[in-house]
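The structure under discussion appears below in the form of structure tokens.
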Amino acid sequence: MCLDCGRRLKYPEETHAGTGTTRKRRNEGNEATAPTSVVLKIIKHYQEEGQGSEVVQGVLLGLVVDDRLEITNCFPFPQHTEDDADFDEVQYQMEMMRSLRHVNIDHLHVGWYQSTYYGSFVSRALLDSQFSYQHAIEESVVLIYDPIKTAQGSLSLKAYRLTPKLMEICKEKDFTPEGLKKANIGFEQMFEEVPIVIKNSHLISVLMWELEDKSTVADKHELLSLSSSNHLEKSLQLLMDRVDDMSQDIVKYNTYSRNLSKQQQQKHQYLQRRQQENAQRQSRGEPPLPEEDINKLFKPPQPPPRMDTLLIAGQINNYCQNVKEFTSQNLGKLFMAEALQGHN
């Protein structure tokens, strides 16, 4: 099943020319903060333009203070198709930056956000986009908003960065099996989650307390109601699709390994025959065979890129975590309901 994983975003290099904002991260365990207004804008953007598996994206603005990334504002990318050649992504960002600068709003790019469909966000497009932002400003993050989990009553908003290992691999663009093996990287070392803190102003906090006091208490029995099985069914379906993709990649790699081994064997046999023939020519007093470029005779097969396989493995891990979380909650509710029924 092919999901819309979003388009590749480009960091506007001209935005911060000469400002000295590109810096090394001093603390990899730093956190990100965001006001509720930014969270509501992201949710509103999806509700207005997101439909089903369609992805919405936007830019995060803010400041970098010590070891903390402060997200203060955001703006969305308009929806457009690949056939819309008139849309200039970088020019759109530049115009938005100028408009925000005129009204004295923080206009430093600190990352971007994207919605997800049942946790389907680990893709090559996301990797390339985050690399573009993080290469310019190392503190940049990508916020992943899950509208399906949020609709079930719990806000799902997570921040991620590429790990230093993955950044080095993307800079060198060495995605061959040997390159990834040398870097000693697996799908577990691709992304690092950044703790995100959502902050309210004091007035909003007071209003929330008042609304909480005035709100009626919900039926306690509803807390034990099981979640819809549609979520589990869809997650398992997506999981099986990605496992099929992984199987196809494994077949491609095994084919490459067999062809490489076969060619190495042919190369070894050729060198042995050539060595024996030269020995016979030498015994007859004849000159040896002329030198030949062995690499031209036995050109090694092109190794398949392994980055896509890592991304598929990372996405499979996400689906497994979603299934685990879903089943754990339902099993907990079943045990609680059984205990309450036995108590009564």
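The values are calculated or read from the model by the stated rules, or taken from the named source; none is laboratory data. Please read these numbers as outputs of a predicted model, since none were measured by experiment. Positions of Cβ are generated from backbone atoms using ideal geometry, with glycine treated the same way; all protein chains shown enter the neighbour counts.
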Exercise for the section: Please enumerate the residues belonging to the range 151-164 that are buried (at least 16 other Cβ atoms within 10 Å of the Cβ) and either among the β-branched types (Val, Ile, Thr) or over 20 Å from VAL55 (Cα atoms) (or both). Expected result: LEU162, THR163
Practice task
Considering only the range 99-128, state which residues are in contact (Cβ under 8 Å) with a residue 12 or more places away in the chain, in a helix (DSSP H, G or I) and under 20 Å from GLU70 (Cα atoms).
Solution key: LEU100
Exercise for the section: Tell me, yes or no, whether the range 306-321 has at least one residue that is touching an Asp or Glu at 6+ places or on another chain (Cβ under 6 Å), modelled with pLDDT of 90 or more and outside the structural domain of MET190 (by the TED database). Expected result: yes
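Can you find, within the range 190-214, the residue that is farthest from the chain's Cα centre (by Cα) among those that are outside any loop (DSSP other than H, G, I, E, B) and under 22 Å from VAL110 (Cα atoms)?
LYS199
Would you mind stating whether ASN259 is free of Cβ contacts under 8 Å to residues at least 24 places away in the same chain and either of a type outside the set (Gly, Ala, Ser) or within 22 Å of PHE175 (Cα to Cα) (or both)?
no
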Exercise for the section: Say whether the condition of being under 30 Å from TYR256 (Cα atoms) and surrounded by 13 or more Cβ atoms within 10 Å (Cβ to Cβ) is met by at least one residue in the range 197-204. Expected result: no
Problem - Test: residue in the range 123-144 that is farther than 30 Å from ASN322 by Cβ, surrounded by 19 or more Cβ atoms within 10 Å (Cβ to Cβ) and assigned by the TED database to the domain that holds THR36 - result: yes
Handout entry: Flag for VAL59 being in a loop (DSSP other than H, G, I, E, B), on the phi < 0 side of the Ramachandran plot and at pLDDT 85 or above
Key = no
Exercise for the section: Please work out which one of (1) without any contact (Cβ under 8 Å) to a residue 24 or more places away in the chain; (2) of a type in the set (A, V, I, L, M); (3) touching a helix residue (DSSP H, G or I) at 6+ places or on another chain (Cβ under 9 Å) is the condition LEU331 fails and give its number. Expected result: (3)
Practice task
Within the range 280-290, identify whether any single residue is in a helix (DSSP H, G or I), at pLDDT 80 or above and exposed (fewer than 11 other Cβ atoms within 10 Å of the Cβ), and answer yes or no.
Solution key: yes
